[in-house]
Structure formats: C-alpha cells, structure tokens
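The values are calculated or read from the model by the stated rules, or taken from the named source; none is laboratory data. Because the structure is a prediction, the values reported are computed rather than measured. Every residue, glycine among them, receives a Cβ derived from its backbone with ideal geometry; neighbour counts consider all protein chains shown. These area figures cover heavy atoms from the full protein model, side chains too; ligands, DNA and RNA do not enter into them. Shrake-Rupley method; radii C 1.70, N 1.55, O 1.52, S 1.80 Å.
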Amino acid sequence: MRKLKLQMQMTVDGYVADPNGELDWMQWDWDRELKQYVEEITEPVDCIVLGRKLAEGFIPYWADVAEDPDNAEHKSGKMFTELPKVVFSQTLDESKWDNTTLADGDLVDEITKLKKQDGGDIIAYGGATFVSNLIKEKLIDEFHLFVNPTVIGKGMTIFNDLDRKQNFNLIQSTSFDCGVVVLKYEPKRS
Amino acid sequence: MRKIIYAQLVSLDGYIEDRDGNIDWTEPGEELHRHFNELEKNVDINFYGRRMSEVMDYWLTADQNTGLKDYELEYARLWQQTKRIIFSKTLNEVKGYARLLRKVDPDEIRELKKQSGNDMAVGEADLASTFINYGLVDEYRLYIHPVVLGSGKPMFSVGKKLDFEFVESQRFPGGVIMLKYHAESTAV
C-alpha cells in the first residue's frame, strides 16, 4: 500500500497557520540542508492530495511560477504543476485544473482507494481542515512537522478535532541552521 | 545576567495537561528524571504560583518515602535546597525554603537577575505568561512528547507573537525530544 505523508509548517505553540490562514510567521530563509530534506521526502512522491480551499490557491500559484523561468522557485513550480493531484471536494463539479482529479466520496474510502493503487508516495500539504480530517481518521502514515522558532498565540490547528489522544513514534528529529527543527513521526498502531 | 528558564513537558500539539487535567501521558523515564536533576542543580530559585507550589510541596517530605527511586530521592533533596518564590494573593504562609510574594513586580525580578548566582526557573503556565509578558523569560525548553491530546491546558497562553532563537535539541528515551530556545530579545 502506498504511503500518505504529511509535510506541514508548525509554530512552537502547535499552530499551522495564523487565524487568516497566513504563513507570514514562517522561517522563509531555508538553508541548503533543509531544502535537501524536502527534496528527499518529495522525490518518491507521485501524487498530491489537497483540500479544496488550499487547491484554489496552491494550484494556480504554482502554475504561474512554472510559467516564469526567472522565478527562484521555478523548479518547484514545475514539479508541483506536473505532479498528479487529487482535490477533495464535495462542492466542485469538475476539476478546472490540469493534472488534477476530484474526489468527492467519503474521505476514508477515497484515500484507501488511492493507497491501494500502484504508485509512489502520496503527500499532503494542507489545508488545516483537510489535514485535521486526515488525522482524525488516522490516514496519515508519516508526519514531517517543520517546527518554526516562533509562538504566534492563536491560529489554525490540525489536532484539535481529536476527541481522544493519539500516540506516535518519533522516528527522527533534524535541526537546521535556519532555526527550523523537523520532527518525523509515525502513528503508533495498536 | 542570570537566566529565567521556562520548561515544560508538553504534547506535540502544545498542551501541558489534557482536558481532564491529567499528565499521565508524560511518564518521565529515568534518563529524563536525571536530566531534570542536573537542571535543578543549576537553578537557584523556582518561581511558582499557588497551585503549582501546593503540588510541588509533595517534595518537601517525599524523601521520607523509602519507595522512591534513587534519582527521585536526589531530586527531592535538590529541590528542597532550591529557594522558592511563591506568588499568591490568598496563601498566608509557605513551607520550607520559600518566600511569599503577593504579585509579580518585574523590577524586583530584574534585580534578582542582576545578582550573581545560578539560573532561575518559572514552573507554572499562568505565572510564565505573566513573566513572558514582562519580557522576563530568557530560555524556553519544550520536552515534546510523542502524543497529541486534542485539547487541554496550553504551554503558551500569552496571545501574542514571540520570536525565538533555536539553540539545540536533545532526544530522550520514549520518543521525547527537547527543543531549547532563547528569547530573541528580552524586553526592558
């Protein structure tokens, strides 16, 4: 079965975005090793799953970056644009984006179906609501949480929908010069 | 200048107690206990609010309990020798090597920092918020446990943005990871 990975920025106080969904608080100045870390977890990925809200911003944004060879993130833009994407939505009728299909069924069924297909790793980047649901349903196999050196006081979370605790195994912790610490966890399956 | 340290055992989602006030998910093992003993050796003053001081009073007589492990006994003795400053409007007396103050006077705390001595630690979330808002906390240590609780008492409830400088991390058995940060600028 394919693996569903999560890559998400987090504050020291456990938020993944400010109350408006913004990431201004993020440590933007990534050092080379952190970029390499991301390259390594992205390399085996051949599918991105997204919630509709994030998709509405993410897909056009990276499509524009992909069109602009002068953009510093051009390579990422091309990668995100070319990777097959699945947008989870019960309100959209059809996908308005290239390389993108819609999933409108039950979240557990749709993700399980994807995992059973042949292919590489699947990755999720957000949004907060979509990821909260993935976590609640225990669908994520590997967490890469990028802990940024800041407390923001309030914002969006991915763990607050839980009505009972979940245990994890810490697989690895990596500190980077730019101040970000990446914590890699797998869920503890009983 | 002496540092004020705010350290907590915390869940991955930032809570120090679950919604029922339990900390049974923390279970510090021997290595973490010994680590806290070392920390306690380098702390001259523990700042507590009333609630935490009442919980910690357990250590006043814990060493009389022969069932304790050697590292717990060591902690009891170290803790008893560390001065406590307890902030409470309602308590009338405090036991052991302790002083009672009615409220946090930031100038008084800054004077303490200027004196020679080891570091000081603030042990309670609400008191820590007061200290943080006065710019008194210099170092943060999060002992992150591999569990998410969903809700509970947060480690940080200052409601404002704080920027930190990452110092170092240290891994403990049981998947606990300590992240140490310095406050970016201690406000005057």
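Name the residues in the range B:34-59 that are open to solvent by 40 Å² or more (accessible area, probe 1.4 Å) and of a type outside the set (K, R), would you?
Within the range B:34-59, B:F36, B:E38, B:N42, B:D44, B:M52, B:E54, B:V55, B:Y58 meet the criteria.
Answer yes or no as to whether B:T61 is under 30 Å from B:S151 (Cβ atoms) and either assigned to a helix (DSSP H, G or I) or touching a residue at least 40 places away in the same chain (Cβ under 8 Å) (or both).
no
Only one of (1) open to solvent by 20 Å² or more (accessible area, probe 1.4 Å); (2) among the small types (G, A, S); (3) away from chain A (no Cβ under 11 Å); (4) more than 14 Å from B:R50 (Cα to Cα) is not met by B:A98, so which one is it?
Answer for B:A98: the failing condition is (4).
Restricting attention to the range B:141-157, does a residue exist that is open to solvent by 50 Å² or more (accessible area, probe 1.4 Å), out of contact with any Pro (no Cβ under 9 Å at 6 or more places or on another chain) and free of Cβ contacts under 8 Å to residues at least 60 places away in the same chain?
Yes - at least one qualifying residue is present in the range B:141-157.
Looking at the range A:155-184, I want the residues that are at the interface with another protein chain (Cβ under 7 Å from one of its Cβ atoms) and in contact (Cβ under 8 Å) with a residue 40 or more places away in the chain and have a partner that is of a type in the set (V, I, T) and part of a strand (DSSP E or B) with Cβ atoms under 6 Å, at least 6 apart or on another chain. Which pairs are those?
Listed pairs, sorted by first residue: A:F159/B:V148.
Those residues that are of a type in the set (A, V, I, L, M) and surrounded by fewer than 20 Cβ atoms within 10 Å (Cβ to Cβ), I need them from the range B:77-90; list them, please.
The answer is B:L78, and nothing else.
Quick one: which strands (runs of 3 or more DSSP E) sit completely within the range A:58-145 and have at least 1 residues that are open to solvent by 30 Å² or more (accessible area, probe 1.4 Å)?
A:100-103
Is it true that some residue in the range A:31-44 is surrounded by 16 or more Cβ atoms within 10 Å (Cβ to Cβ), in a loop (DSSP other than H, G, I, E, B) and not aliphatic (A, V, I, L, M)?
no
Regarding B:E168, is this residue more than 14 Å from chain A (Cβ to nearest Cβ), over 13 Å from A:V12 (Cβ atoms), modelled with pLDDT of 95 or more and surrounded by fewer than 16 Cβ atoms within 10 Å (Cβ to Cβ)?
Criteria not met by B:E168.
Under 19 Å from B:I144 (Cβ atoms) and more than 7 Å from every other protein chain (Cβ to nearest Cβ): does that describe A:I152?
No; evaluated as a whole, the condition is false for this residue.
Restricting attention to the range B:64-86, which residues are under 19 Å from B:K3 (Cα atoms), in contact with a helix residue (DSSP H, G or I) (Cβ under 8 Å, 6 or more places away or on another chain) and not in a helix (DSSP H, G or I)?
Passing the criteria: B:T82, B:R84, B:I86.
For the subset of the range B:159-185 comprising residues that are small (G, A, S) and assigned to a strand (DSSP E or B), which member is farthest from A:L170 (Cα to Cα)?
The extreme case among them is B:A183.
Of the conditions (1) open to solvent by 70 Å² or more (accessible area, probe 1.4 Å); (2) modelled with pLDDT of 95 or more, B:Y15 fails just one. Which one is it?
(1)
In the range B:116-131, how many residues are touching a strand residue (DSSP E or B) at 6+ places or on another chain (Cβ under 7 Å) and either crowded, with 20+ Cβ neighbours inside 10 Å or closer than 30 Å to B:G21 by Cβ (or both)?
11
Residue-wise test of (1) aromatic (F, W, Y); (2) at positive phi; (3) open to solvent by less than 40 Å² (accessible area, probe 1.4 Å).
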| residue | (1), (2), (3) |
| --- | --- |
| B:T61 | no, no, no |
| B:Y71 | yes, no, yes |
| B:E74 | no, no, no |
| B:K114 | no, no, no |
| B:D138 | no, no, yes |
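Restricting attention to the range A:107-119, does a residue exist that is touching a residue at least 24 places away in the same chain (Cβ under 8 Å), within 14 Å of chain B (Cβ to nearest Cβ) and under 18 Å from A:F159 (Cβ atoms)?
No.
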